[in-house]
């Protein structure tokens, strides 16, 4: 279980409050972190992936601080960042082999694992193409493949469908939904349709604070709304 307690983060010497007293308990399932751009989603994702320090509060995985756990925590973590930052000269297989090495996957398992995750994201037939030839959706999918290498227990996806056309959005959503069993998945997005059909719980983040949370059906009932899009409109006014 991932437990976040009284988490705070500020920028500009405390003048800008990015996160305000975040309290969450996250176990197996798909958790949608939903909110507009600037709500604090990426700041929270960066803290959870040890890419950013927080000002106060704690983040524990199985009752142990993620900072203290260090390498042990990183070993169970898969992360798909919002920014692609891929080397266009790499072939798809080169990128996956490189990521497998970074994740310290056993040498005798690297090829097998690279083939497995390529198949998972439907890119097996494009592994020998250079990344410069990949569409935006294909690049997102190979980042997702890298994130799930080693079968991580905790998978964090930061705006995984950013910039994708509707068809590619659906593909990424379906892939994510198919991986839900036995994992903790945090899917940060500002697009309701990305998560409405796959999320077990939705966390509404507004101005760095949790505005509400619950199952999609529970939130619709609470806000007397026909769907999650209407809930979003009522909470964020967009």
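The values are calculated or read from the model by the stated rules, or taken from the named source; none is laboratory data. Since the structure is predicted, the reported quantities are computational estimates derived from the model, not experimental observations. Using ideal geometry, Cβ is built from the backbone for each residue, glycine included, and neighbour counts are taken over all protein chains shown.
Taking region 191-221 as the region of interest, how many residues are within 19 Å of residue 49 (Cβ to Cβ) and either in a helix (DSSP H, G or I) or within 15 Å of the chain's Cα centre (by Cα) (or both)? Lay out the reasoning, then the answer.
As a first pass, look at region 191-221 and keep what is within 19 Å of residue 49 (Cβ to Cβ): 203, 205, 208.
From what's left, either in a helix (DSSP H, G or I) or within 15 Å of the chain's Cα centre (by Cα) (or both): 203, 205.
Number of matching residues: 2.
For residue 227, all conditions in the list (1) in contact (Cβ under 8 Å) with a residue 60 or more places away in the chain; (2) surrounded by fewer than 21 Cβ atoms within 10 Å (Cβ to Cβ) hold save one; what is the number of the exception?
Among (1) in contact (Cβ under 8 Å) with a residue 60 or more places away in the chain; (2) surrounded by fewer than 21 Cβ atoms within 10 Å (Cβ to Cβ), residue 227 violates only (1).
From the list 73, 98, which one is without any contact (Cβ under 8 Å) to a residue 24 or more places away in the chain and buried (at least 21 other Cβ atoms within 10 Å of the Cβ)? Before the answer, list the steps.
Values: 98 fails: buried (at least 21 other Cβ atoms within 10 Å of the Cβ).
Just a single option satisfies the conditions, and that option is 73.
Among the residues of region 1-32 satisfying the criterion of being assigned to a strand (DSSP E or B) and at positive phi, which is nearest to the chain's Cα centre (by Cα)?
Here is the first cut: in region 1-32, the ones assigned to a strand (DSSP E or B) are 2-11, 16-26, 29-32.
Then drop every residue that is not at positive phi, which leaves 6, 21, 29.
Details: 6: 21, 21: 21, 29: 13 Å.
Of everything passing the filter in region 1-32, 29 is nearest to the chain's Cα centre (by Cα).
If you check residue 198 against the conditions, is it touching a residue at least 12 places away in the same chain (Cβ under 8 Å), in contact with a helix residue (DSSP H, G or I) (Cβ under 8 Å, 6 or more places away or on another chain) and within 14 Å of residue 26 (Cβ to Cβ)?
Judged against the criteria, residue 198 is not a match.
Can you spot a residue in region 5-21 that is within 22 Å of residue 200 (Cα to Cα), in contact with a strand residue (DSSP E or B) (Cβ under 8 Å, 6 or more places away or on another chain) and crowded, with 20+ Cβ neighbours inside 10 Å?
For region 5-21, residues within 22 Å of residue 200 (Cα to Cα), in contact with a strand residue (DSSP E or B) (Cβ under 8 Å, 6 or more places away or on another chain) and crowded, with 20+ Cβ neighbours inside 10 Å: absent.
Here is a list: 48, 44. Which entry is under 15 Å from residue 206 (Cα atoms), at pLDDT 95 or above and in contact with a strand residue (DSSP E or B) (Cβ under 8 Å, 6 or more places away or on another chain)?
Selected residue: 44, the only one of 48, 44 that is under 15 Å from residue 206 (Cα atoms), at pLDDT 95 or above and in contact with a strand residue (DSSP E or B) (Cβ under 8 Å, 6 or more places away or on another chain).
With 24, 33, 48 as the choices, which residue is outside the structural domain of residue 120 (by TED's automatic domain parsing), under 25 Å from residue 235 (Cβ atoms), in contact (Cβ under 8 Å) with a residue 60 or more places away in the chain and surrounded by fewer than 21 Cβ atoms within 10 Å (Cβ to Cβ)? Explain how you work it out, then say what you get.
Details: 33 fails: surrounded by fewer than 21 Cβ atoms within 10 Å (Cβ to Cβ); 48 fails: surrounded by fewer than 21 Cβ atoms within 10 Å (Cβ to Cβ).
Only one candidate passes the filter, namely 24.
Among the residues of region 146-203, which ones are farther than 27 Å from residue 127 by Cβ and either buried (at least 22 other Cβ atoms within 10 Å of the Cβ) or not assigned by TED's automatic domain parsing to the domain that holds residue 33 (or both)?
Applying the first criterion (farther than 27 Å from residue 127 by Cβ) to region 146-203 yields 184, 186, 188-193, 195-197, 199-203.
Of everything in region 146-203, those that are farther than 27 Å from residue 127 by Cβ and either buried (at least 22 other Cβ atoms within 10 Å of the Cβ) or not assigned by TED's automatic domain parsing to the domain that holds residue 33 (or both) turn out to be 186, 188, 189, 195, 199, 202, 203.
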